[in-house]
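Just so you know, all these numbers are worked out from the coordinates, no wet-lab data involved. In this text the structure is predicted, and so the values were computed from the model without any measurement. Cβ placement follows ideal geometry from the backbone for every residue including glycine, while neighbour counts extend to all protein chains displayed.
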2 protein chains.
Amino acid sequence: MKPQAPHCQSCQFKDSSLFKQCHLHELEELNESKCFNSYKKGQVIFHEGNRPLGIFCVYGGKVKVSRMGSDGKEQIIRLAKKGDTLGYRSLIDNTKYTASAIALDETEVCFIPATEFNKLVDENVKVSTDLMKMLARALGDTQDKLIHLAMKPVRERLAEALLLLKSTYQEEGKTPFSISISREDLSSIVGTAKETVIRFLSEFKEDGIITTHGSEITILNPEKLVKISSMYD
Amino acid sequence: MKPQAPHCQSCQFKDSSLFKQCHLHELEELNESKCFNSYKKGQVIFHEGNRPLGIFCVYGGKVKVSRMGSDGKEQIIRLAKKGDTLGYRSLIDNTKYTASAIALDETEVCFIPATEFNKLVDENVKVSTDLMKMLARALGDTQDKLIHLAMKPVRERLAEALLLLKSTYQEEGKTPFSISISREDLSSIVGTAKETVIRFLSEFKEDGIITTHGSEITILNPEKLVKISSMYD
DNA sequence: GTCAAAAACTGATAAAACTCATATTTTCCG
DNA sequence: CGGAAAATATGAGTTTTATCAGTTTTTGAC
């Protein structure tokens, strides 16, 4: 069964997205201009260096936004989940994408063309205000990441990354939290080498904080992760 | 002689600041609500953890925006110069300051109260659009910093930091570029230890890329710094 | 200029993290 | 279900960077 494109007016993120303050007729127009797409694990939603043609609303799945170094090393800047908006920074700044968005799972995304997006932002002050707040929040988050990368050792950053995955992707009530993620991707979040991540994960396993089955990591004791991650805060 | 508070309508940054698209009557109002202040080297303009009460427009001098770790280590997030705007992120996001702004030099700053700032943003779409672009640019810059911190070794980041200082603070035509900056501050930009910075600076000196007299660093060969900083781009 | 404090510098050593090599397990395709 | 490919896991050795201790130079007040 193919995933169906939802109508914007009945989208489950209608009241929590960037467009939560839109009028019905705006949602109607949005719906007509949008374009629904599915991506398999590993597929590229947009690519570093390309010109943005619109924004993306994640309808389902998991997305990493990351930048590739010339040595093939990747750094993940952001993790996105259903309900999140992607690619708006480049569009507003009128620059090429500085990072790529890649599906981590089977992912569904609505594309909204730049013209429609700009029109909405121009015409509805509430949308532009929300967008501004979104940018401000994203800036704060990125500054936090920068600080932590500069000041915390790998062990603490790894604990933090696991908590980020949990807070981002845990479905309500589903405890304990489990996620399937490659050690490579995890190391690209933390900003370290794959082997280093594996070593600290082993340590966390010995301490009963997590268990793993293949690439699946289950967080048994999030409180301990909080303690580790904020050891020197 | 005390520095004089400039009138907003004749401010030298009238046409390049966030308020470049304001009407005369808006500048008039801005001028009446603003508050001019001077800060000596080391003085705090706003402090991490406090609630923002407005925004700051740098009229002259140099400012570092930085965050303090519990271990006393500092990370500099941003360098500001005359014409720059400070403290807007927290105000928009409605959060406490997550970093402090500290004068690196004798610095003059105009404070604009939140009520006045919000009024302007609400009433003038051009101001809010410019503000949005400013946020988008700041987000892009911070993402760049994050990537470089994660992927480049100290030597390259130091070269980059020196180029940042040059591009930020070089007065037109004044070559070669010189700046007085403590090794401590420089290490807080790079995200490394003071001694490590000193060692690489010594190396740069041996290679004839820079010279130093006390805390004054003169960049003799910026091209070489560019090469070093982008060694693996 | 003089002197004390602060900052820059240097060296030795230690710690953290990376790389490379290799073994083991998991995944998944036929 | 079997087997190859991919990913996880572990070990050894190296590099990078941090820390600590000490010396020299610079700075700024008197």
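Of the residues making up region B:133-156, at least one is in contact with an Asp or Glu (Cβ under 9 Å, 6 or more places away or on another chain), without any contact (Cβ under 8 Å) to a residue 24 or more places away in the chain and among the small types (Gly, Ala, Ser). Given the structure, is A:ARG137 in contact with a Leu (Cβ under 9 Å, 6 or more places away or on another chain), under 30 Å from B:VAL190 (Cβ atoms), surrounded by 14 or more Cβ atoms within 10 Å (Cβ to Cβ) and basic (Lys, Arg)? Spelling it out, it is not the case that A:ARG137 is in contact with a Leu (Cβ under 9 Å, 6 or more places away or on another chain), under 30 Å from B:VAL190 (Cβ atoms), surrounded by 14 or more Cβ atoms within 10 Å (Cβ to Cβ) and basic (Lys, Arg).
Residues that are touching a residue at least 40 places away in the same chain (Cβ under 8 Å) and within 16 Å of DNA strand C (Cβ to nearest atom) were ranked within region B:158-168; the one that is nearest to the other protein chains (Cβ to nearest Cβ) is B:LEU158.
Contact list please: Cβ distance under 8 Å, first residue in region B:18-35 and polar (S, T, N, Q), second residue in a loop (DSSP other than H, G, I, E, B), pairs at least six apart or on different chains. Close Cβ pairs satisfying both conditions: B:GLN21/B:ASN124; B:ASN31/B:HIS7. The set of residues in region B:194-203 that are of a type in the set (A, V, I, L, M, F, W, C), within 9 Å of DNA strand C (Cβ to nearest atom) and either under 24 Å from B:THR142 (Cβ atoms) or buried (at least 17 other Cβ atoms within 10 Å of the Cβ) (or both) comprises B:VAL197, B:LEU201.
Selection of region B:179-209 for residues being of a type in the set (Val, Ile, Thr), under 23 Å from B:GLN75 (Cβ atoms) and either touching a His at 6+ places or on another chain (Cβ under 8 Å) or not in a helix (DSSP H, G or I) (or both) yields B:ILE179, B:ILE181, B:THR192. Going through (1) more than 10 Å from DNA strand D (Cβ to nearest atom); (2) surrounded by 17 or more Cβ atoms within 10 Å (Cβ to Cβ) one by one, A:LEU186 falls short only on (1).
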